[in-house]
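> The structure is given below, and queries will be raised subsequently.
The values are calculated or read from the model by the stated rules, or taken from the named source; none is laboratory data. Just so we're clear, the structure is a prediction, and the values are computed from it rather than from any experiment. Every residue, glycine among them, receives a Cβ derived from its backbone with ideal geometry; neighbour counts consider all protein chains shown. When the accessible area is computed, the model is the full protein with side chains, heavy atoms only, and any ligands, DNA or RNA have been set aside. Shrake-Rupley method; radii C 1.70, N 1.55, O 1.52, S 1.80 Å.
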Amino acid sequence: MSQQFQHDVLVIGSGAAGLSLALNLPAHLRVAVLSKGELANGSTFWAQGGVAAVLDDTDTVQSHVEDTLNAGGGLCHEDAVRFTVEHSREAIEWLIEQGVPFTRDEQANGDDSGFEFHLTREGGHSHRRIIHAADATGAAIFTALLEQARRRPNIELLEQRVAVDLITERRLGLNGQRCLGAYVLDRNSGEVDTFGARFTVLATGGAAKVYLYTSNPDGACGDGIAMAWRAGCRVANLEFNQFHPTCLYHPQAKSFLITEALRGEGALLRLPNGERFMPRFDEREELAPRDIVARAIDHEMKRLGIDCVYLDITHKPAEFIKTHFPTVYERCLGFGIDITRQPIPVVPAAHYTCGGVMVDEQGHTDVPGLYAIGETSFTGLHGANRMASNSLLECFVYGRAAAADIIAQLQQIGMPSTLPCWDASQVTDSDEDVIIAHNWDELRRFMWDYVGIVRTSKRLQRAAHRVRMLLDEIDEFYSNYKVSRDLIELRNLALVAELMIRSAMQRKESRGLHYTLDYPQPLSDARDTVLDPTVSRH
Ligand SMILES: Cc1cc2nc3c(=O)[nH]c(=O)nc-3n(C[C@H](O)[C@H](O)[C@H](O)COP(=O)(O)OP(=O)(O)OC[C@H]3O[C@@H](n4cnc5c(N)ncnc54)[C@H](O)[C@@H]3O)c2cc1C
C-alpha cells in the first residue's frame, strides 16, 4: 500500500547542499531529507581537495571574485560570484561549528592572524584559500553534517527513496503553479508514496553519469534537472560539462581518479606504442590546464580508435612513487597494475555539471515553493568553466540562503491539502528489463562519442537523432511498466542528455568547456544558453 506523508520541508538529496539546508532550518519544522540510495551516496562524500573561501588575511573577496571570473570564460554572473564569495567565510565558520575536522596548521599560512587551519592552493586560485580535511574533505564534511542531522529529532533521514516527479498545482489541474511535494518510490516496499510539503528543495547533485566515463558515483543522473524541467523550470548552460583528464581505465574500477599531482611529479602521457603526444598540443606538455589535457587525450583516442591512453611514472624510483602516491599505488595494485613498473591506463572522465536549474540568490526556481541548490542548480557562479573547490562552497552558501528564505516565508504558506495518490493502475511488472540496460549503455556511449570533450555540429546532430529515438522508447516503457530506480534514472538521464545536446547545438562558438571544431573561436558577446520548457518540444 502506498502511503501519504506531510512535511514542512521536503529536501530531495542528502549531500552537502541538502544537509546544509536542513540543518539551517528551525527545530520546530518537520523536515524530510531523502536519498535514493544510502545517505552517503552523493558526490559530496568523494570530494577530495576542499572548499575555497577567503580566510587568510592576505586574501581578499575581490581576488577570489576575479579568479572565478577568469576561470569562467566570460560567462560567470558577477553578482552570483560576489554573493558566494562574500558569504564564504561565514559558511566555513558554520562548518567548523558543526564539527568538521579541517586540517589544522598554525604556522603554514605565514601570518599571525591566529587562523589555525591549513589552506592549500589549487589551479586558478591566486591565493592559498582551500580549506580541507587531508585529502578526504568531502567525507569529513558529510560525516559531521550527518551526525548533526541525526541529533535533530525534527529531521527525518530517509534512505532508498527515489523521487519520481514533483507534484505541482499545474500537474493536478488546479489554479496556480505552486509545487506541493513529490511522488517518491520506496525501494523497500516497491510502492510510490506521496510526500506533501510546504516547501520542496531539489538538492540532487549533478548529471555526469550521462557519460560513459565519469568520476561521479552512480546516482549522478540529473534527476533534479529532469524533474524541474518537467515541472516547468528553465535550465541553463547544460553544454558545459567539466572533464577530469585522468580516470583509471579498468573494467572493475568504476570511478577512480588518478590525481593531477602525478603529472606534477613528472608522469608522462603516452599512446599504446609508447609515443608521447602532449608536446604536440601545448608547450606546457603534461602540465597544461585540465581542459587542454583532456581535449588532447580525447583527440588521440578518437584519431586512433583506442580505448585509453597511458600515464607513465615508471622512470621515477619505486620508493618515491610508493611514498608520494600510496593511495594510487595501492589501488592500482589491487587491479593488477604495479605503477612502479607499468604505465597506468587512463581516460578522461566527466566530473562536474556546470549548468542546471536556473535559480536566484535564494535558490528559487521558476516554480513557486520549489528551490534548487548545489550541483543541480545554475546560479551563474561557474560560468563556462568551474574553478576548483568553488562547488562545495556553492552548496553551503545557497543551502543556507534558501533555508533563510524558507524561514522568512513560513507565515504565508500552509500545508497542502491531501494530494492524489500515484496512479499505478495502468502499469504492469516489466518482463523486458534488458531494454533499460541496453538503452542505458547506448545513451552513455553516444554522449561520450558525440557530445564529449571535442564536439562537431555533425556529431551533435547524430546524438540529437539518437536521443529522440531513445526518449520515445523510454516514454513508452514508462507508460506501461512499474517504475524502478533504473527506469527513473534512465528516463531522467535521457531527458538531461537531450537538453545538453540542444544547449550544445545552440552555442555557435567555443568557450570554456564547450569546444567544437566547427566554431573554434569564442564570439565577442558571451551569453548563457537558456532553455525554457514552456516554449519547448517536450
Ligand atoms: C571525485 C570527486 C571529487 C570532487 N572534489 C571536489 C573538491 O575537492 N571540492 C569541491 O568544491 N568540489 C568537489 N567535487 C564536486 C562536489 O563534490 C559536488 O559538486 C558536490 O558534492 C555536490 O553536492 P550536492 O549536495 O549538490 O549533491 P550530492 O553530494 O551529489 O548529493 C546528491 C544527493 O541527491 C540524492 N538524489 C539524487 N537524485 C535523487 C532522487 N531522484 N530521489 C532522491 N534522492 C536523490 C542522492 O542520493 C544524494 O543524496 C568533487 C566531485 C567528485 C565526484
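> List the relative contact order of the stretch 244-349 as a percent without decimals, with contacts defined as Cα pairs under 8 Å and 6+ residues apart.
Rounded, it is 37 percent for the stretch 244-349.
> Just to confirm, what accessible area per residue do you get for the stretch 434-522 at 1.4 Å probe, in whole Å²?
Accessible surface, normalised per residue, equals 42 Å².
> I've got another one for you. How would you classify the stretch 434-522 from its alpha-carbon gyration tensor, with a ≥ b ≥ c the square roots of the eigenvalues: rounded for a/c under 1.5, else prolate if a/b is greater than b/c, otherwise oblate?
Cα axes put the stretch 434-522 in the prolate bin.
> Let me ask something else about it. Among rounded, prolate and oblate, which fits the stretch 184-228 when a ≥ b ≥ c are the square roots of the eigenvalues of its C-alpha gyration tensor, a/c under 1.5 means rounded, and a/b larger than b/c means prolate?
oblate
> Here is a follow-up. Please give the FRET efficiency for Asn154 paired with Thr60, using the beta carbon to beta carbon distance and R0 = 35 Å, rounded to the nearest 0.05.
About 0.35, to the nearest 0.05.
> Roughly how much of Trp46 is accessible, in Å² to the nearest 10, using a 1.4 Å probe?
In the full protein context, Trp46 sits at about 150 Å².
> Residue-wise, which Karplus ³J(HN,Hα) couplings in Hz belong to the stretch 346-352, taking 6.51 cos²θ - 1.76 cosθ + 1.60, θ = phi - 60°, and x for glycine or proline?
9, 9, x, 9, 4, 10, 8
> Collect residues whose amide H, placed 1.01 Å from N in the peptide plane, falls under 5 Å from the amide H of Val164; neighbours closer than 5 in sequence don't count.
Tyr183, Val184, Leu185
> While we're looking at this one, here's another question. As a test, work out the antiparallel percent of DSSP beta bridges whose residues both lie in the chain, rounded to the nearest 5.
Bridges in the chain are about 60 percent antiparallel.
> In addition: How about Lys458: which aspartates and glutamates have a C-alpha closer than 13 Å to its C-alpha, ignoring those fewer than 8 places off in the same chain?
Those aspartates and glutamates meeting the cut-off are Asp449, Asp518.
> Turning to a different aspect of this structure: Return the inverse of the average 1/r over all pairs of distinct C-alpha atoms in the stretch 244-349, which is the Kirkwood hydrodynamic radius, in Å to one decimal.
After inverting the mean inverse Cα-Cα distance, the result is 13.7 Å.
> Short version: ³J(HN,Hα) in whole Hz for each residue of the stretch 354-360, in order, from phi by Karplus 6.51 cos²θ - 1.76 cosθ + 1.60 (θ = phi - 60°), x for Gly and Pro, what are they?
6, x, x, 6, 5, 9, 9
> Further question: What's the carbon and sulfur percent of the chain's accessible surface, probe 1.4 angstrom, rounded to a whole number?
That fraction is 47 percent.
> If I model a spin label as a point 7 Å beyond the Cα along the Cα-Cβ vector, how far apart are those points for Asp441 and Leu333 in nm?
Going from the Asp441 label point to the Leu333 one covers 3.4 nm.
> Continuing with the same structure: Only residues of the stretch 272-291 count here: report those whose backbone N is under 18 Å from the spot 7 Å along Cα→Cβ of Thr314, or say none.
272-277
> Counting only residues 5 or more places away or on other chains, whose amide H sits under 5 Å from the amide H of Val346 once H atoms are built in the peptide plane?
Placed amide hydrogens put Tyr249, Val309, Tyr310, Leu311 under 5 Å from Val346.
> I've got another one for you. Averaged per residue, what accessible surface does the stretch 285-344 expose to a 1.4 Å probe, in Å²?
49
> Here's a follow-up. For a test of the definition: using alpha carbon positions, the gyration tensor, and the 1.5 limit on a/c, classify the stretch 22-65 as rounded, prolate or oblate.
Oblate.
> What's the magnitude of the charge dipole for the stretch 244-349 around its Cα centre, counting Lys and Arg as +1 and Asp and Glu as -1 at the beta-carbon? Answer in Debye, nearest 20.
For the stretch 244-349, the charge dipole is close to 160 debye.
> May I pose another question? Can you spot the lysines whose alpha carbon is less than 28 Å from Lys36's alpha carbon? Ignore those fewer than 8 places along the same chain.
Once the sequence-local lysines are set aside, what remains near Lys36 is Lys209, Lys254, Lys482.
> Then there is this: Assuming 0.36 nm per residue, please report the length gained on full extension of the stretch Arg280 to Asp486 beyond their Cα-Cα distance.
Result: 69.9 nm gained on full extension.
> Taking the Cα-to-Cβ direction at Asp449 and at Gln412 and moving 7 Å from each Cα, how far apart do the two end points lie in nm?
Result: 5.1 nm between the two label points.
> Can you sort Glu38, Glu116 by solvent-accessible area, 1.4 Å probe, largest first?
From most exposed to least exposed: Glu38, Glu116.
> Considering all projection directions equally, how large on average is the shadow of the alpha-carbon convex hull of the stretch 174-312, in square nanometres?
12.4
> Scan around Leu523 for amide H atoms under 5 Å from its own, H built in the peptide plane at 1.01 Å from N, and keep only partners 5 or more places away or cross-chain.
Ser510
> Given only helices, namely DSSP H runs of n ≥ 4 each adding -39500 (n - 2.57), what is the per-residue ellipticity at 222 nm of the chain, to the nearest 500 deg cm²/dmol?
That comes out to -10500 deg cm²/dmol.
> Could you let me know the centre-to-centre spacing of the stretch 473-509 and the stretch 1-61, using Cα atoms, in angstrom?
26
> Also, I was wondering about something else. What is the calculated FRET efficiency for Arg104 to Leu172, with r their C-beta to C-beta distance and R₀ = 51 Å, to the nearest 0.05?
For Arg104 and Leu172, the calculated efficiency is 0.45.
> Can you pull the Kirkwood radius for the chain, inverse mean 1/r over Cα pairs, to one decimal in Å?
Its Kirkwood hydrodynamic radius stands at 23.8 Å.
> Can you figure out the FRET efficiency of Arg462 with Gln521, using R₀ = 30 Å and their beta-carbon distance, to the nearest 0.05?
Efficiency at R0 = 30 Å is approximately 0.80.
> Turning to a different aspect of this structure: Under a crude label model (7 Å from the Cα following the beta-carbon direction), how far is Glu116 from Ser189 in nanometres?
Distance between label points: 4.8 nm.
> Please turn the phi angles of the stretch 530-535 into ³J(HN,Hα) values with the Karplus equation 6.51 cos²θ - 1.76 cosθ + 1.60 (θ = phi - 60°), one per residue in order, whole Hz, x for glycine and proline.
10, 10, 10, x, 6, 10
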